[in-house]
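The values are calculated or read from the model by the stated rules, or taken from the named source; none is laboratory data. Quick caveat, the model's predicted, so the values are computed rather than measured. Counting neighbours? That spans all protein chains shown, and the Cβs are built from the backbone with ideal geometry, glycine included. Side chains included, ligands, DNA and RNA excluded: accessible areas come from the protein's heavy atoms. Shrake-Rupley method; radii C 1.70, N 1.55, O 1.52, S 1.80 Å.
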Amino acid sequence: MQLRHVLRRLARSPLFTGIAVVTLALGIGANTAIFSVIDGVLLKPLPYPHPEELIEVNHTAPGVNITDAGAAPFLYFTYREEGRAFQQLGLWDHDSVSVTGRAEPEQVDGVDVTEGVLPILGVQPVLGRLFSRRDDSPGSPETVVLTFGYWKAKFGGARSVIGERIMIDGRAREIIGVLPREFRFLDEKPALVLPMQLDRSKIVLGNFSYRAMGRLKRGVTMEQASADVARMIPIALRKFPPFPGYNAKMFEEARLAPSLRPLKQEVIGEIGNVLWLLMGTIGMVLLIACANVANLLLVRADARQQELAIRAALGAGWARIARELLLESITLGLAGGALGLGLAYGALRLLVSIAPAHLPRLEEISLNGSVLFFTFVVSLAAGVLFGLLPVIKYAGPTLVTALRAGGRTSSQSRERHRARSALVITQVTLAVVLLISSGLMIRTFQALRQVQPGFVKPEEVQTLRISIPETQVKDPVQTVRMEQSIKDKIAAIPGVSSVGLTTTVPMQGGGWRDAIFCEDRVYSASGIPPIRDYKFVSPDLLRTMGNRLVAGRDFTWTDVYEKRHVAMVSENLARELWGEPRAAIGKRISQNPKDPWREIIAVVSDERDDGVNKPAPKIVFWPILMDNFAGEPVSVRRTVALMIRGSRTGSQSFLDDVRRAVWSVDPNLPLANVRTLKEIYDKSLARTSFTLIMLAIAGAMALILGVVGIYGVISYSVSQRRREIGIRMALGARKNEVTRMFVGYGLRLATIGVACGLLAALAVMRFLSSLLFDVSAADPVTYGAVCAGLMGAAMLASYVPALRAAAVDPVESLR
């Protein structure tokens, strides 16, 4: 009965009800959307049996300043044979393979795994079987497991696929299984899973280019597992021989140590801090929305004061009146929550369609039961929160006084104004915090955009990757000749100005890292040379990328084919080793003391490689064809990225021309990772831009709601003081004096709110500091701009109702 009465009363005030519900829906919907992301990414366990037992087995090497060393085969075999803490252990690595013989050749993503990886994740195939120890042994028949999506897309879901053979990197592999539809390999999206087939007899110390995962035995803690791994590292160093040219002492000096963490942490990375920060900022928006609705309810309750007083006089207890007022606010809260769910659904659909590159577990984000419960609780809490103030003000003994005095005593009027003013100050305070947060992110984004990445005009550079497997072209020299032929064919396409080959595309990171030995340095038996980035490049790459030659000359094709012992280094590496770039020319370096010394012929300007927010790495540039390198008599780069600079970059006709050029050399070469360098550059800014957009939306909502709050308070003040205004004007007050009085009132509220907001911002900005780049968390420009902008908005919000006050007719008001 009471609920029907509340609903009828709300229906009789559609403007009030609509404004309140929409205001709450914006706040609740934004919180629901962010919580959905947090639930899917951070809170929901990994979709594997007993996910709490799954760990990433990583390592650090403080002796060479490496905090994320990864894993290596020599450690994997040691842990598998000597370990006491693991039920199972496995190595895995990213891969990209070419599939031919089925329509057009294609390059697809894959993962290479040891035989224990899929069982660790508890997966059961929908067809066939998983890898056995035999499949993972060198020399065994080559096999492959398909993911569900690839099976459906390429084989039409045919159950007869088991036993078929497909050509992968030029070798026939037997399909032995299909993974289930719901299976996810961490946050990877592979089409194929392949056995690693490590040969234990050829394993040496080093080769940290893998990731490892394990499943703990029941009852074993992370600390116990770390202690077990630490126990086995010295065993591993004695168990396997060092790589030729190195010695076990070098690895001991690197001080290898375990770095174990839950496997879930490997999947989500560092996004957690960003998401919790966004949750906090969106929560502030909800508080501002609640303050706005509380102000509306105070006005509404003030208008009903006589009615409530009469009901109290007729015997209605304060509990009944309080219950009715709370029921009204809770109804508004739940209605706002229902509408907010719709807004959140739309926002999540948009988020999934955009698919931010830095956001893991995107497929896990949904409006599930946990999210619905969260929305219900938030809606209920919001309803109670903004409904308490009218209850405290109007459901108590003051109702009798209100009945006796008509509710217009000066003391009560001042008290009501104080309550509404306090709410507006709270709104402005929170708005300042949010606007400063978004302002700092804007400044960060601008600072990142100002960083010179080391290349020029990325929108003019097309990138794509090709791979020439050994089964297709065995001879290393012929492989390079094919790569050069493809380069020349593409260079002849109209609109192309230059083409270069490289193994690592800038802004993607994850390249080869290894030791650098200098001929003019003396290394002791245990001396640890610096670990630096390697890039293998062709002639003309520097010209294509716009890299600057600080000193020396570029590689030539004669250098490549004659396998001349030459190299190039980045400017920061030259300064580190020889103090001045030109001093590096003529110096000789090597990857291994047993390999030939290679003369430095050029110093290249620094280039960012893992995002513009990180320092440019120190790089050694090697030719794509060399002799006696890394233990190989002839070393060749079979997988290279083509960097193509031209005026038609990104157009479909240009890409068609590129495909025809590549396939005119070899029709079995698929093109992979076809993107412009601008896309890759923008992707490197994805986390910052995502945070910026979310904070900007929160800041804009806070500003609008704060301005609306000031406007509402001044408007209400004008309506309540019409008689006073009439008297003032009848006694000679000018219109500009009346206007100034109300504008001054609004500015006083804004000034107090801004002052409180500045203090709050200084306290909370330390949580944002990890996301900032080249900007202080107390940046005076941002703080000043926010204060000026908010004061200007407050003046405008106050000026409109102040003009209405100045237009009051004294005669009508006094009558």
Practice task
Just one of (1) touching a residue at least 40 places away in the same chain (Cβ under 8 Å); (2) surrounded by fewer than 21 Cβ atoms within 10 Å (Cβ to Cβ); (3) under 30 Å from Arg687 (Cβ atoms); (4) not aliphatic (A, V, I, L, M) trips up Glu270, so point out which.
Solution key: (1)
Handout entry: Selection within the stretch 492-508 - outside any strand (DSSP E or B), open to solvent by less than 40 Å² (accessible area, probe 1.4 Å) and not β-branched (Val, Ile, Thr)
Key = Gly495, Pro506, Met507
Exercise for the section: Scan the stretch 135-146 for residues that are in a loop (DSSP other than H, G, I, E, B) and in contact with a Pro (Cβ under 9 Å, 6 or more places away or on another chain) and report the count. Expected result: 5
Handout entry: Residue satisfying condition, being within 30 Å of Val456 (Cβ to Cβ) and touching a strand residue (DSSP E or B) at 6+ places or on another chain (Cβ under 8 Å), within set Ile680, Ile693
Key = Ile680
Fill in the blank from the handout: Listed by range, strands (runs of 3 or more DSSP E) wholly within the stretch 544-663 having at least 3 residues that are open to solvent by 10 Å² or more (accessible area, probe 1.4 Å) and not small (Gly, Ala, Ser) are 632-636
Handout entry: Single unsatisfied condition, Arg102 versus (1) at pLDDT below 85; (2) under 30 Å from Asp136 (Cβ atoms); (3) open to solvent by less than 20 Å² (accessible area, probe 1.4 Å)
Key = (3)
Handout entry: Odd one out for Arg575 among (1) more than 27 Å from Gly510 (Cα to Cα); (2) charged (D, E, K, R); (3) without any contact (Cβ under 8 Å) to a residue 12 or more places away in the chain
Key = (1)
Fill in the blank from the handout: Taking the stretch 429-472 and keeping residues more than 25 Å from the chain's Cα centre (by Cα), part of a helix (DSSP H, G or I) and within 25 Å of Met507 (Cβ to Cβ) leaves Glu460
Problem - Long-range neighbours under 6 Å by Cβ, at least six apart or interchain, first residue farther than 21 Å from Val612 by Cβ within the stretch 770-787, second open to solvent by 40 Å² or more (accessible area, probe 1.4 Å) and of a type in the set (D, E, K, R) - result: none
Exercise for the section: Pull up the stretch 252-290, narrow it to residues that are among the basic types (Lys, Arg) and not in a helix (DSSP H, G or I), then point me to the one that is nearest to Ala236 (Cα to Cα). Expected result: Arg255
Problem - Checklist (1) at pLDDT below 90; (2) closer than 23 Å to Phe690 by Cβ; (3) in a helix (DSSP H, G or I) applied to Ala794, failing item - result: (2)
Exercise for the section: Find the residue count for the stretch 167-203, including only residues that are polar (S, T, N, Q) and under 28 Å from the mean Cα position of the chain (by Cα). Expected result: 0
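Quick grid of which residues meet (1) open to solvent by 40 Å² or more (accessible area, probe 1.4 Å); (2) more than 30 Å from Ile697 (Cβ to Cβ); (3) free of Cβ contacts under 8 Å to residues at least 12 places away in the same chain:
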{"residue": "Ile28", "(1), (2), (3)": "no, no, no"}
{"residue": "Pro62", "(1), (2), (3)": "yes, yes, no"}
{"residue": "Ile66", "(1), (2), (3)": "no, yes, no"}
{"residue": "Ala71", "(1), (2), (3)": "no, yes, no"}
{"residue": "Glu81", "(1), (2), (3)": "yes, yes, yes"}
{"residue": "Trp92", "(1), (2), (3)": "no, yes, no"}
{"residue": "Val111", "(1), (2), (3)": "no, yes, no"}
{"residue": "Thr114", "(1), (2), (3)": "no, yes, no"}
{"residue": "Arg133", "(1), (2), (3)": "yes, yes, no"}
Fill in the blank from the handout: Selection from the stretch 728-748 of residues over 12 Å from Tyr799 (Cβ atoms) and surrounded by fewer than 14 Cβ atoms within 10 Å (Cβ to Cβ) yields Ala730, Leu731, Gly732, Arg734, Glu737
Problem - Tally, over the stretch 326-372, of residues that are of a type in the set (Val, Ile, Thr), free of Cβ contacts under 8 Å to residues at least 60 places away in the same chain and crowded, with 17+ Cβ neighbours inside 10 Å - result: 1
Exercise for the section: Run down Arg349, Arg323 and say which single residue is basic (Lys, Arg) and either under 22 Å from Pro45 (Cβ atoms) or modelled with pLDDT under 85 (or both). Expected result: Arg323
Handout entry: From the options Gly63, Gly40, residue that is in contact with an Asp or Glu (Cβ under 7 Å, 6 or more places away or on another chain), outside any strand (DSSP E or B) and closer than 19 Å to Leu263 by Cα
Key = Gly40
Exercise for the section: Being open to solvent by 40 Å² or more (accessible area, probe 1.4 Å) and of a type in the set (Phe, Trp, Tyr) is the filter; apply it to the stretch 773-802 and report the residue that is farthest from Ser421 (Cα to Cα). Expected result: Phe773
Handout entry: Within the stretch 552-562, tally of residues that are in contact with a Pro (Cβ under 8 Å, 6 or more places away or on another chain) and either at pLDDT below 95 or not hydrophobic (A, V, I, L, M, F, W, C) (or both)
Key = 3
Problem - Flag for Gln478 being polar (S, T, N, Q), assigned to a helix (DSSP H, G or I) and open to solvent by 70 Å² or more (accessible area, probe 1.4 Å) - result: yes
Fill in the blank from the handout: Taking the stretch 70-95 and keeping only residues that are in contact with a Gly (Cβ under 7 Å, 6 or more places away or on another chain) and part of a strand (DSSP E or B), one is left with Phe86, Gln88, Leu89, Gly90, Asp95
Problem - Test for Ser226: is it at pLDDT 95 or above, open to solvent by 20 Å² or more (accessible area, probe 1.4 Å) and either under 31 Å from the mean Cα position of the chain (by Cα) or under 24 Å from Asp135 (Cα atoms) (or both) - result: yes
Problem - Search result, residues across the stretch 664-673 that are within 19 Å of Thr502 (Cβ to Cβ) and open to solvent by less than 20 Å² (accessible area, probe 1.4 Å) - result: Leu669, Pro670, Ala672
Problem - Top-ranked residue of the stretch 760-772 - restricted to ones that are open to solvent by 60 Å² or more (accessible area, probe 1.4 Å) and not aromatic (Phe, Trp, Tyr), ranked as modelled with the highest pLDDT - result: Leu762
